[in-house]
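As C-alpha coordinates, the structure follows; a few thoughts come after it.
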Amino acid sequence: MPEAPDYQIVPVPAFKDNYLWVLRKGAAAAVVDPGDAAPVLAYLDREQLRLTAILLTHHHADHIGGVPQLLKRFKVPVHGPRDERIDCITHHVVEGDRVELAQIGATFQVIEVPGHTRAHIAYYGEKVLFCGDTLFACGCARMFEGTPPQMHASLQKLAALPSDTRFYCAHEYTMANIAFAKAVEPGNQALAERALSDAALREKNLPTVPATIGREIATNPFLRCAQPEVIAAAAARLGRTPANPAETFAAIRDWKNNF
Ligand code: ZN
Ligand code: FE
(Lines give C-alpha, C1' and ligand atoms only; values in the text may rest on other atoms or scores of the structure.)
(Ligands and ions follow the chains in the order given, each with its own letter.)
Protein backbone atom coordinates (compact mmCIF):
# COMPACT_ATOMS: atom_id res chain seq x y z
CA MET A 1 0.00 0.00 0.00
CA PRO A 2 1.39 3.44 -0.90
CA GLU A 3 1.74 6.05 1.86
CA ALA A 4 -0.62 8.54 0.25
CA PRO A 5 -3.18 8.22 -2.52
CA ASP A 6 -1.84 8.41 -6.01
CA TYR A 7 -4.72 10.57 -7.22
CA GLN A 8 -5.77 14.19 -6.65
CA ILE A 9 -8.88 15.38 -4.84
CA VAL A 10 -10.31 18.71 -5.97
CA PRO A 11 -13.27 20.65 -4.57
CA VAL A 12 -15.86 21.86 -7.06
CA PRO A 13 -17.93 24.47 -5.23
CA ALA A 14 -21.70 24.35 -5.80
CA PHE A 15 -24.81 26.07 -4.46
CA LYS A 16 -24.12 28.28 -1.45
CA ASP A 17 -21.67 26.17 0.52
CA ASN A 18 -21.41 22.66 -0.99
CA TYR A 19 -18.21 20.98 -2.11
CA LEU A 20 -18.58 18.37 -4.85
CA TRP A 21 -15.37 16.36 -4.59
CA VAL A 22 -13.68 15.30 -7.82
CA LEU A 23 -11.04 12.55 -7.75
CA ARG A 24 -8.68 12.66 -10.71
CA LYS A 25 -5.76 10.71 -12.12
CA GLY A 26 -4.47 11.10 -15.68
CA ALA A 27 -7.53 11.69 -17.86
CA ALA A 28 -9.91 9.87 -15.49
CA ALA A 29 -12.18 11.43 -12.91
CA ALA A 30 -14.76 10.33 -10.38
CA VAL A 31 -17.11 12.53 -8.38
CA VAL A 32 -18.61 12.26 -4.90
CA ASP A 33 -22.14 13.61 -4.31
CA PRO A 34 -22.66 15.68 -7.48
CA GLY A 35 -25.66 17.73 -6.36
CA ASP A 36 -25.35 19.88 -9.46
CA ALA A 37 -24.06 18.67 -12.85
CA ALA A 38 -23.15 22.05 -14.36
CA PRO A 39 -20.07 22.90 -12.27
CA VAL A 40 -18.83 19.30 -12.52
CA LEU A 41 -19.20 19.24 -16.31
CA ALA A 42 -17.52 22.65 -16.56
CA TYR A 43 -14.59 21.36 -14.50
CA LEU A 44 -14.30 18.10 -16.48
CA ASP A 45 -14.38 19.98 -19.79
CA ARG A 46 -11.88 22.58 -18.69
CA GLU A 47 -9.48 19.90 -17.44
CA GLN A 48 -10.26 17.49 -20.31
CA LEU A 49 -11.24 14.73 -17.94
CA ARG A 50 -13.53 11.77 -18.52
CA LEU A 51 -15.91 10.78 -15.76
CA THR A 52 -15.53 7.10 -14.77
CA ALA A 53 -17.64 6.72 -11.61
CA ILE A 54 -20.04 8.44 -9.24
CA LEU A 55 -20.14 7.85 -5.47
CA LEU A 56 -23.18 8.88 -3.41
CA THR A 57 -23.46 9.17 0.37
CA HIS A 58 -27.19 9.88 0.86
CA HIS A 59 -30.38 10.85 -0.91
CA HIS A 60 -30.57 14.63 -0.39
CA ALA A 61 -30.94 16.67 -3.56
CA ASP A 62 -27.79 18.71 -2.99
CA HIS A 63 -25.87 15.40 -3.16
CA ILE A 64 -27.57 13.53 -6.02
CA GLY A 65 -29.34 16.21 -8.10
CA GLY A 66 -26.72 16.30 -10.86
CA VAL A 67 -26.54 12.54 -11.46
CA PRO A 68 -29.13 12.22 -14.28
CA GLN A 69 -27.45 14.94 -16.32
CA LEU A 70 -23.97 13.47 -15.77
CA LEU A 71 -25.25 10.05 -16.88
CA LYS A 72 -26.46 11.58 -20.15
CA ARG A 73 -22.86 12.42 -20.98
CA PHE A 74 -21.07 9.52 -19.26
CA LYS A 75 -22.35 5.96 -18.89
CA VAL A 76 -20.68 5.22 -15.57
CA PRO A 77 -21.37 3.13 -12.47
CA VAL A 78 -23.18 4.92 -9.66
CA HIS A 79 -22.32 3.57 -6.20
CA GLY A 80 -24.57 4.35 -3.28
CA PRO A 81 -26.57 3.14 -0.30
CA ARG A 82 -29.67 0.98 -0.29
CA ASP A 83 -32.27 3.74 -0.19
CA GLU A 84 -35.34 3.58 -2.40
CA ARG A 85 -35.31 7.36 -2.67
CA ILE A 86 -32.25 7.19 -4.95
CA ASP A 87 -33.23 5.55 -8.22
CA CYS A 88 -30.05 6.16 -10.25
CA ILE A 89 -27.76 3.78 -8.31
CA THR A 90 -26.29 0.91 -10.32
CA HIS A 91 -24.15 -0.57 -7.50
CA HIS A 92 -25.74 -0.70 -4.05
CA VAL A 93 -23.24 -1.01 -1.22
CA VAL A 94 -23.43 -1.87 2.47
CA GLU A 95 -21.09 -1.81 5.49
CA GLY A 96 -17.74 -3.40 4.69
CA ASP A 97 -18.20 -3.47 0.91
CA ARG A 98 -15.28 -2.37 -1.21
CA VAL A 99 -15.65 0.09 -4.05
CA GLU A 100 -12.82 -0.05 -6.53
CA LEU A 101 -12.23 2.87 -8.85
CA ALA A 102 -9.72 1.18 -11.15
CA GLN A 103 -8.95 4.16 -13.39
CA ILE A 104 -8.40 6.42 -10.38
CA GLY A 105 -6.33 3.80 -8.57
CA ALA A 106 -8.48 4.05 -5.46
CA THR A 107 -10.30 1.53 -3.33
CA PHE A 108 -12.78 2.54 -0.66
CA GLN A 109 -14.44 0.66 2.12
CA VAL A 110 -18.07 1.47 2.86
CA ILE A 111 -18.94 2.61 6.39
CA GLU A 112 -22.62 2.90 7.30
CA VAL A 113 -23.20 6.10 9.29
CA PRO A 114 -26.96 6.46 9.86
CA GLY A 115 -28.27 9.56 11.62
CA HIS A 116 -28.45 12.49 9.19
CA THR A 117 -30.46 10.09 7.04
CA ARG A 118 -31.20 6.46 7.82
CA ALA A 119 -29.16 5.14 4.86
CA HIS A 120 -26.19 7.53 4.93
CA ILE A 121 -22.83 5.94 4.10
CA ALA A 122 -19.20 7.10 4.00
CA TYR A 123 -16.27 5.94 1.88
CA TYR A 124 -12.84 5.31 3.41
CA GLY A 125 -9.55 4.32 1.84
CA GLU A 126 -5.86 5.14 2.35
CA LYS A 127 -6.60 7.68 5.08
CA VAL A 128 -9.07 9.53 2.89
CA LEU A 129 -12.70 9.74 4.00
CA PHE A 130 -15.71 11.05 2.11
CA CYS A 131 -18.36 11.50 4.76
CA GLY A 132 -21.07 13.55 3.04
CA ASP A 133 -23.25 15.19 5.69
CA THR A 134 -22.25 13.20 8.78
CA LEU A 135 -19.04 14.68 10.17
CA PHE A 136 -18.35 18.33 9.35
CA ALA A 137 -15.20 20.27 10.18
CA CYS A 138 -15.68 21.15 13.86
CA GLY A 139 -19.30 20.01 13.75
CA CYS A 140 -21.76 17.40 12.60
CA ALA A 141 -24.95 17.29 10.58
CA ARG A 142 -28.49 17.50 11.86
CA MET A 143 -30.30 14.27 12.55
CA PHE A 144 -33.19 14.22 10.11
CA GLU A 145 -33.89 10.50 10.33
CA GLY A 146 -31.83 9.13 13.20
CA THR A 147 -31.68 9.15 16.96
CA PRO A 148 -28.89 10.76 19.01
CA PRO A 149 -27.43 7.36 20.06
CA GLN A 150 -27.36 6.32 16.39
CA MET A 151 -25.69 9.53 15.20
CA HIS A 152 -23.26 9.43 18.12
CA ALA A 153 -22.31 5.84 17.23
CA SER A 154 -21.83 6.81 13.58
CA LEU A 155 -19.52 9.67 14.54
CA GLN A 156 -17.60 7.36 16.88
CA LYS A 157 -16.98 4.99 13.98
CA LEU A 158 -15.39 7.85 12.03
CA ALA A 159 -13.46 9.03 15.09
CA ALA A 160 -11.89 5.56 15.32
CA LEU A 161 -10.17 5.96 11.94
CA PRO A 162 -6.44 6.81 11.96
CA SER A 163 -5.93 10.32 13.36
CA ASP A 164 -4.15 11.48 10.20
CA THR A 165 -7.16 10.54 8.05
CA ARG A 166 -8.19 13.51 5.93
CA PHE A 167 -11.95 13.83 5.64
CA TYR A 168 -13.80 15.55 2.84
CA CYS A 169 -17.24 16.63 3.99
CA ALA A 170 -19.83 18.12 1.67
CA HIS A 171 -20.29 21.59 3.18
CA GLU A 172 -18.21 24.58 4.25
CA TYR A 173 -19.83 25.16 7.64
CA THR A 174 -16.61 25.41 9.60
CA MET A 175 -16.65 28.98 10.95
CA ALA A 176 -20.23 28.70 12.24
CA ASN A 177 -19.32 25.34 13.75
CA ILE A 178 -16.26 26.83 15.46
CA ALA A 179 -18.36 29.65 16.94
CA PHE A 180 -20.62 27.04 18.50
CA ALA A 181 -17.72 24.83 19.64
CA LYS A 182 -16.25 27.84 21.47
CA ALA A 183 -19.54 28.30 23.33
CA VAL A 184 -19.35 24.65 24.43
CA GLU A 185 -15.65 24.69 25.34
CA PRO A 186 -14.43 28.25 25.89
CA GLY A 187 -11.21 26.93 27.47
CA ASN A 188 -10.14 24.62 24.63
CA GLN A 189 -6.74 25.90 23.44
CA ALA A 190 -6.60 23.69 20.32
CA LEU A 191 -9.99 25.10 19.36
CA ALA A 192 -8.77 28.68 19.81
CA GLU A 193 -5.84 27.92 17.50
CA ARG A 194 -8.13 26.30 14.97
CA ALA A 195 -10.41 29.35 14.99
CA LEU A 196 -7.45 31.52 13.93
CA SER A 197 -6.05 29.22 11.26
CA ASP A 198 -9.42 28.42 9.69
CA ALA A 199 -10.46 32.09 9.75
CA ALA A 200 -7.24 32.91 7.86
CA LEU A 201 -8.18 30.35 5.19
CA ARG A 202 -11.71 31.73 4.83
CA GLU A 203 -10.39 35.28 4.53
CA LYS A 204 -8.55 34.10 1.42
CA ASN A 205 -11.71 32.28 0.32
CA LEU A 206 -9.90 28.92 0.66
CA PRO A 207 -11.67 25.75 1.87
CA THR A 208 -11.14 24.63 5.48
CA VAL A 209 -11.80 21.11 4.20
CA PRO A 210 -10.22 18.57 4.29
CA ALA A 211 -9.52 18.47 7.98
CA THR A 212 -8.09 15.51 9.90
CA ILE A 213 -9.77 13.16 12.33
CA GLY A 214 -7.08 13.97 14.90
CA ARG A 215 -7.92 17.66 14.76
CA GLU A 216 -11.60 16.88 15.18
CA ILE A 217 -10.91 14.77 18.26
CA ALA A 218 -9.10 17.79 19.75
CA THR A 219 -11.66 20.45 18.78
CA ASN A 220 -15.04 19.09 17.62
CA PRO A 221 -17.47 18.99 20.58
CA PHE A 222 -19.52 16.24 18.91
CA LEU A 223 -16.48 13.95 19.06
CA ARG A 224 -15.65 15.03 22.60
CA CYS A 225 -18.75 13.84 24.47
CA ALA A 226 -16.62 12.00 27.05
CA GLN A 227 -14.59 15.14 27.92
CA PRO A 228 -15.35 16.77 31.29
CA GLU A 229 -15.83 20.26 29.81
CA VAL A 230 -18.32 19.00 27.22
CA ILE A 231 -20.17 16.89 29.80
CA ALA A 232 -20.38 19.98 32.03
CA ALA A 233 -21.79 22.06 29.17
CA ALA A 234 -24.40 19.36 28.48
CA ALA A 235 -25.25 19.14 32.18
CA ALA A 236 -25.84 22.89 32.30
CA ARG A 237 -28.31 22.55 29.41
CA LEU A 238 -30.07 19.50 30.84
CA GLY A 239 -30.14 20.61 34.47
CA ARG A 240 -28.63 17.24 35.45
CA THR A 241 -25.59 15.11 34.65
CA PRO A 242 -25.99 13.22 31.36
CA ALA A 243 -26.10 9.44 31.85
CA ASN A 244 -23.65 8.62 29.05
CA PRO A 245 -21.79 10.15 26.07
CA ALA A 246 -24.79 9.64 23.77
CA GLU A 247 -26.92 11.75 26.09
CA THR A 248 -24.19 14.38 26.20
CA PHE A 249 -24.20 14.30 22.42
CA ALA A 250 -27.99 14.70 22.33
CA ALA A 251 -27.86 17.75 24.60
CA ILE A 252 -25.07 19.42 22.62
CA ARG A 253 -26.75 18.67 19.27
CA ASP A 254 -30.04 20.12 20.56
CA TRP A 255 -28.19 23.24 21.71
CA LYS A 256 -26.58 23.62 18.26
CA ASN A 257 -30.01 23.39 16.62
CA ASN A 258 -31.01 26.48 18.56
CA PHE A 259 -27.68 28.31 18.54
ZN1 ZN B 1 -27.82 16.03 3.53
FE1 FE C 1 -25.90 18.36 2.12
Residue-averaged [θ]222 nm for the chain, counting only DSSP H segments that reach four residues, each worth -39500 (n - 2.57): -10500 deg cm²/dmol
Within the stretch 147-254, chymotrypsin sites (Phe, Trp or Tyr not before Pro) in DSSP loop having at most 14 other beta-carbon neighbours inside 10 Å: none
Percent carbon-and-sulfur accessible area, the chain, ignoring ligands, DNA and RNA, probe 1.4 Å: 52
Kirkwood estimate for the stretch 1-119, i.e. one over the average of 1/r between Cα atoms, Å: 14.5
For the stretch 218-259 and the stretch 89-160, distance of Cα centres in Å: 23
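Within the stretch 164-234, which trypsin sites (Lys or Arg not before Pro) sit in a loop by DSSP and count at most 12 neighbouring Cβ atoms inside 10 Å? Provide the component values of the computation, followed by the final result.
Working: sites: Arg166, Lys182, Arg194, Arg202, Lys204, Arg215, Arg224; in loops: Lys204, Arg224.
Those satisfying the criteria are Lys204.
For the chain, what are the DSSP H helices with axial Cα length of 20 Å or more and mean Kyte-Doolittle hydropathy of at least -1.0?
On the way: long enough: 189-203 (21 Å, -0.23).
Span-like helices, by this rule, are 189-203.
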Accessible area of the stretch 103-259 divided out per residue, in Å², using a probe of 1.4 angstrom: 39
Neighbour cut-off at most 16 other Cβ (10 Å), DSSP loop, GluC sites (Glu not before Pro), the stretch 57-105: Glu84, Glu95
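The values are calculated or read from the model by the stated rules, or taken from the named source; none is laboratory data. Small disclaimer: the values here were computed from a predicted structure and weren't measured. FYI the Cβ positions are ideal-geometry reconstructions off the backbone, even for glycines, and counts take in every protein chain you see. For the accessible areas, the whole protein counts, side chains as well, though only heavy atoms, and no ligand, DNA or RNA atoms are used. Shrake-Rupley method; radii C 1.70, N 1.55, O 1.52, S 1.80 Å.
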